[in-house]
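These notes concern the structure reproduced below.
The values are calculated or read from the model by the stated rules, or taken from the named source; none is laboratory data. For clarity, every value in this text was computed on a predicted model and none was experimentally measured. Cβ atoms come from the backbone with ideal geometry, glycine included; neighbour counts cover every protein chain shown.
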Amino acid sequence: MDAFRALDFLDIESQLGEDERMVRDAVRTWVGERFVPIVWEHFEAGTFPMEVRPELGELGVFGPTIPEEYGGAGLNSVAYGLICQELERGDSGLRSFVSVQGSLVMYPIFAYGSEEQKREWLPQLASGEAIGCFGLTEPDFGSNPGGMLTTARRDGDDWILNGRKMWITNGTCSQVAVVWARTEDGVRGFLVREGAEGFSAPEQKHKWSLRASITSELVLEDVRVPESDRLPKAEGLKGPLGCLTQARYGIAWGALGAAMSAFDEALQYAGERIVFDKPLAGFQLAQKKFADMATEITLGQLAALRLGRLKDEGKMSPSHVSLCKRNNVQKSLEITRTCRDMLGANGISLEYQTGRHMCNLESVSTYEGTHDIHTLAIGHELTGIPAYR
Amino acid sequence: MNIVACIKRVPLTETQAKVSADGTSLDATGVEYMTSFYDEIAVEEAVRTKEKSGGEVTILTIGSAGSSKEMRECIAKGGDKGLILVDEDWMARDCRSTAKALAAKIRELGADLVFTGRLATDRDNAAVGPMLATLLDWACVTDVIEVEIGDGKGTAVRESEGGVENYEFTLPAVICCQKDLNEPRYAGLKGIMAAKKKPLDEAPLEAEASQAEVVRLELPPARPEGRIVGEGPDAVDALMDALRNEAKVL
């Protein structure tokens, strides 16, 4: 296979600034040279390649929109979206690793944390010296986090946390967990440190999706957290939901990266694979599939770019993100399935990218708001009538 | 130390070259560009030298006004400033004219040390570096795989046919970098943002006309189609015969 060729059917390139293109190209080069050659073995083994962590920190992809004084790069949202696209071209597990760190750990510390919390955590999270995770989902509460059972009870100057969180990316390898718990005054956010007594994060195994990503359970049994480790500016569910809006924004871009990878692989394969004495790409059935996929990728790219520009103008709403996350992930999942089919038997080999992307996107479709929940969010926005219950 | 790294913008390595209608240049339609591979090594060595010995790195190129992307990338990797000598005829300019223009500018910049790639990956001339040193009357080591810069002098290891040559030289000098000298760093995102604030200037190129002119470009002849002489052990005799009597390689 030749080097990755990113689909850009409508010259969206020309809509990007020079620094946005440079950021994208830097991440694209790193992913192609350093990550794509090793990811399939990690996917097979069910491990995340921890050796890339300092390289990611040096590259600057952790929390790149955070201001420079806290260790970020001060990038705009479009550049961040392009980073997510390129990372997920490598693997959804890689994009998840970075999304959680930036959008779900650094963002809440930056947006809801005290100055001391920002100074302590943000620089080491930006460099990758520390890894963080985000504990909201529970075994019985995913789409309706308001029903969470994890509690935080005041005890003098401290809080006592009890409960369980599930499906937590990076839980087992984190130095800090942003844990959301119910208090007498509503939901609050806490920074739970690695090694705190009563706190453990066993890894969840036997996944067939996001295999190159660590997924964990967080167990909190009378974990004592000082008031200084509570996020002072987070009150109620809008705290965690604000973080999720950031992460979902990155996913709207990221899923396209997986689709672009699969599309390019299938297109190259179909050009080389001879069936009935001519390339697979020369058949009408194949061409219709490519035309349909190129259309969806292009429309998704335009939507993501528009979403990014809205975010940079301060005009992005959660329902905008819902529309783009819902569409781009669903379309990308369908595209990877089609590409898997076009690759024939090779499509199930881990030596090809597509099957891995296809399996990963099943998780991406579910996490950060399922397809159906985003459907209801858009429906709510359009009709004014909530239909969640 | 005042360090200059010279770079050239070249078509991406995987570009399928097409000759344009005039027959003397490459068709630039749809061609994307990159910093020449060996020049990236030159930039990396310049930045490492600065990090060790202090000073400033200027990235210098001759190119069209649009070649800022490659320059910004080099600045993002640790260069302090960039200067494009603007020349819309940059692709056709010959080595002598290029070296003379660069030498004049390097003298004006007051450089102590210049790094170049061993060659640019478009024409593979490997001439500008040594010409530059000759015009400046400076020391020059080519195909360098190791270099140490000290106070007013340096040592270098040069790769040569079947061995290595060890050099001592005095500054100022021109070092032409071979691929094993270092592994260029990736442009980090902070570096990219910082590069936006560093100076990237343009100045008109003051150069003599080229003395060497490309009069015709030709692509290599298409490779003749292969021939299968048979299958399995039965084909060995026919293959040996073809190798001996047609290809005459045995």
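Those residues that are within 30 Å of A:Arg34 (Cα to Cα) and of a type in the set (Val, Ile, Thr), I need them from segment B:184-221; list them, please.
B:Ile192
Taking the residues in segment B:149-182 that are more than 20 Å from the chain's Cα centre (by Cα) and not in a strand (DSSP E or B) as candidates, determine which candidate is nearest to B:Val47 (Cα to Cα).
If we take residues in segment B:149-182 being more than 20 Å from the chain's Cα centre (by Cα) and not in a strand (DSSP E or B), then B:Gly150 is nearest to B:Val47 (Cα to Cα).
Since A:Ala73 meets every condition but one in (1) without any contact (Cβ under 8 Å) to a residue 24 or more places away in the chain; (2) surrounded by fewer than 24 Cβ atoms within 10 Å (Cβ to Cβ), which condition does it not meet?
Condition (2) is where A:Ala73 drops out.
Out of A:Leu310, A:Leu361, A:Leu302, which single residue is assigned to a helix (DSSP H, G or I) and without any contact (Cβ under 8 Å) to a residue 60 or more places away in the chain?
A:Leu310
I'd like to check something: does segment B:90-103 contain any residue that is within 14 Å of chain A (Cβ to nearest Cβ) and farther than 22 Å from B:Asp151 by Cα?
No, because not a single residue in segment B:90-103 is within 14 Å of chain A (Cβ to nearest Cβ) and farther than 22 Å from B:Asp151 by Cα.
Of the residues A:Arg24, A:Arg34, which single one is at pLDDT 95 or above, within 14 Å of chain B (Cβ to nearest Cβ) and over 18 Å from the mean Cα position of the chain (by Cα)?
A:Arg34
Out of all the residues in segment A:203-221, is one or more farther than 29 Å from A:Ala45 by Cα, in contact with a helix residue (DSSP H, G or I) (Cβ under 7 Å, 6 or more places away or on another chain), at pLDDT 95 or above and surrounded by fewer than 15 Cβ atoms within 10 Å (Cβ to Cβ)?
no
Among A:Gly46, A:Gly63, A:Gly74, A:Gly81, which is the only one that is under 20 Å from the mean Cα position of the chain (by Cα), at the interface with chain B (Cβ under 10 Å from one of its Cβ atoms) and over 30 Å from A:Arg273 (Cβ atoms)?
A:Gly74
Quick one: in segment B:27-71, which of the residues that are closer than 20 Å to B:Cys140 by Cα and among the charged types (D, E, K, R) is nearest to the chain's Cα centre (by Cα)?
B:Asp39
Scanning for something of a type in the set (S, T, N, Q) and over 25 Å from B:Glu70 (Cβ atoms), does segment B:211-225 turn up at least one residue?
Yes; the residues of segment B:211-225 include at least one that is of a type in the set (S, T, N, Q) and over 25 Å from B:Glu70 (Cβ atoms).
Does any residue of segment A:2-18 turn out to be closer than 23 Å to A:Leu125 by Cβ, touching a helix residue (DSSP H, G or I) at 6+ places or on another chain (Cβ under 9 Å) and hydrophobic (A, V, I, L, M, F, W, C)?
Looking through segment A:2-18, none of the residues is closer than 23 Å to A:Leu125 by Cβ, touching a helix residue (DSSP H, G or I) at 6+ places or on another chain (Cβ under 9 Å) and hydrophobic (A, V, I, L, M, F, W, C).
Here is a list of conditions, (1) part of a strand (DSSP E or B); (2) within 14 Å of chain A (Cβ to nearest Cβ), and B:Glu146 meets all of them except one; can you say which number that is?
If we test B:Glu146 against (1) part of a strand (DSSP E or B); (2) within 14 Å of chain A (Cβ to nearest Cβ), just (2) comes out false.
Is there a residue being crowded, with 20+ Cβ neighbours inside 10 Å, touching a Pro at 6+ places or on another chain (Cβ under 8 Å) and more than 12 Å from B:Glu208 (Cβ to Cβ) anywhere in segment B:95-110?
No, segment B:95-110 contains no residue that is crowded, with 20+ Cβ neighbours inside 10 Å, touching a Pro at 6+ places or on another chain (Cβ under 8 Å) and more than 12 Å from B:Glu208 (Cβ to Cβ).
Restricting the first residue to segment A:313-334 and requiring it to be outside any helix (DSSP H, G or I), which pairs with a second residue that is crowded, with 19+ Cβ neighbours inside 10 Å meet a Cβ separation below 9 Å and a spacing of at least six or different chains?
As it stands, the answer is A:Met316/A:Ser77; A:Met316/A:Thr245; A:Met316/A:Tyr249; A:Met316/A:Leu307; A:Met316/A:Gly308; A:Ser317/A:Thr245, since those pairs meet every condition given.
Consider only pairs whose beta carbons are under 7 Å apart and that are at least six residues apart or on different chains; among these, list those whose first residue lies in segment B:183-196 and is at the interface with chain A (Cβ under 7 Å from one of its Cβ atoms) and whose second residue is assigned to a loop (DSSP other than H, G, I, E, B) and small (Gly, Ala, Ser).
The qualifying pairs are B:Gly188/A:Gly60; B:Leu189/A:Gly60; B:Leu189/A:Ala73; B:Lys190/A:Gly60; B:Lys190/A:Ala73; B:Met193/A:Ala73; B:Met193/A:Gly74.
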